[in-house]
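S.K.: Please find one structure pasted underneath; my questions will follow.
Coordinate-derived values only; no laboratory data. From a predicted model like this one, the values you see are computed outputs, not experimental measurements. Backbone-built Cβ (ideal geometry, glycine too); neighbour counts: all protein chains shown.
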Amino acid sequence: MRPRRVNSLGIHFPSGSASGILRARMAPSEPNAARPELTAVVPAYNEVESLPQLLTELKAALDATGRTWELVLVDDGSSDGSAELLRAEAAKDPRLVVLRFAKNAGQSAALAAGLLRARGDVVVTLDADLQNDPADISGLLAALADADVVSGVRVRRNDSWIRLVSSRIANATRRAVLGDKVTDIGCSLKAYRREVLEGLPMFVGVHRFLPALCGFRGARVVEVPVHHRARTRGVSKYGMGNRLWRGIHDLIGVSWLKVRLLRYQVRND
């Protein structure tokens, strides 16, 4: 299936444009020979049961791309031994980078920390709970050849009916308010060109809006179908309460941000 383009506004926001909100500053540039071509960023919170299988599958999927890579794993203040497992694995493989939070700060903070540490020209994000299939990364990278952001769309979702219904309502509401066309913002499996992440505003809830924020700045955003697996280990960190009310608050803030972001281009003549 060909990727479907969902947004291309043709607006450019320089990474130094002021928004009044903390902005992403990617890891400093390095000589091309030293910098990996691809970075995978994975936030993890109390996922010790899922991590061994995830690391095995993810490293195999990254190797299969034929690109040099690094894997940035952000432990979000886990209390189940996740951090210790990750540090032990990183000691055996220098391509693994572990960031450990002093206490739980939430998915947005963990994702932001991972993006700031990423050195690759392309950045892939996914969850640590095994519901995202690392084998889909190759499809995202293929679609990125003609795009700046590739957002996965989960097909045959393995979720409860109430989560499916709430997700459809949330996605429809977000699209109506923001005007973006991403149909499955809750899918964490995404790929970005490094330059579209530079200077993005970072805030609580940003993990739900990264493709939209990139689109606000003129990025070409496409969607591709990806697999979705049932959760067989660990427990979900989200319920109706923290999804609904936080989502509403975040949507109000991002709609304000869309209007208030500075829009300009510097002429070269």
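S.K.: Can you list residues whose amide H is under 5 Å from Met26's amide H, if they're 5+ apart or on another chain and H is modeled 1.01 Å from N?
M.R.: Under 5 Å from the amide H of Met26: Gly199.
S.K.: If each residue of separation counts as 0.36 nm, what is the full-extension length gain between Lys181 and Val266 once their alpha-carbon separation is subtracted? Write out the running numbers ahead of the final one.
M.R.: Values: separation 85, 0.36 × 85 = 30.60 nm, distance 2.86 nm.
Gain on stretching Lys181 to Val266: 27.7 nm.
S.K.: Report the gain in length on full extension from Phe203 to Arg229: 0.36 nm times residue separation, minus Cα-Cα distance, nm rounded to one decimal.
M.R.: Working: separation 26, 0.36 × 26 = 9.36 nm, distance 2.87 nm.
The span from Phe203 to Arg229 would gain 6.5 nm if fully extended.
S.K.: Taking 31 Å as the cut-off for C-alpha to C-alpha distance, list the pairs among Lys92/Lys181; Lys92/Lys190; Lys59/Lys258 that go past it. It would help to have the intermediate numbers written out before the result.
M.R.: Details: Lys92/Lys181 42 Å; Lys92/Lys190 27 Å; Lys59/Lys258 37 Å.
Where the Cα-Cα span goes over 31 Å, the pairs concerned are Lys92/Lys181; Lys59/Lys258.
S.K.: Provide the packing ranking of 81-89, 117-125, i.e. peptides ordered by the mean count of other C-beta atoms within 10 Å per residue, highest first. Walk me through the numbers before you get to the answer.
M.R.: On the way: 81-89: 17.7, 117-125: 21.9.
Packing order, densest peptide first, comes out as 117-125, 81-89.
S.K.: Full-extension gain between His249 and Ala91, please, as 0.36 nm times their residue separation minus the C-alpha to C-alpha distance. If you can, show how the numbers build up before the last one.
M.R.: On the way: separation 158, 0.36 × 158 = 56.88 nm, distance 4.05 nm.
Fully extending the segment from His249 to Ala91 adds 52.8 nm.
S.K.: Taking Lys103 as the anchor, which aspartates and glutamates have their alpha carbon closer than 14 Å to its alpha carbon, excluding any fewer than eight residues away along the same chain?
M.R.: Hits, sequence-local ones excluded: Asp75, Asp76, Asp80.
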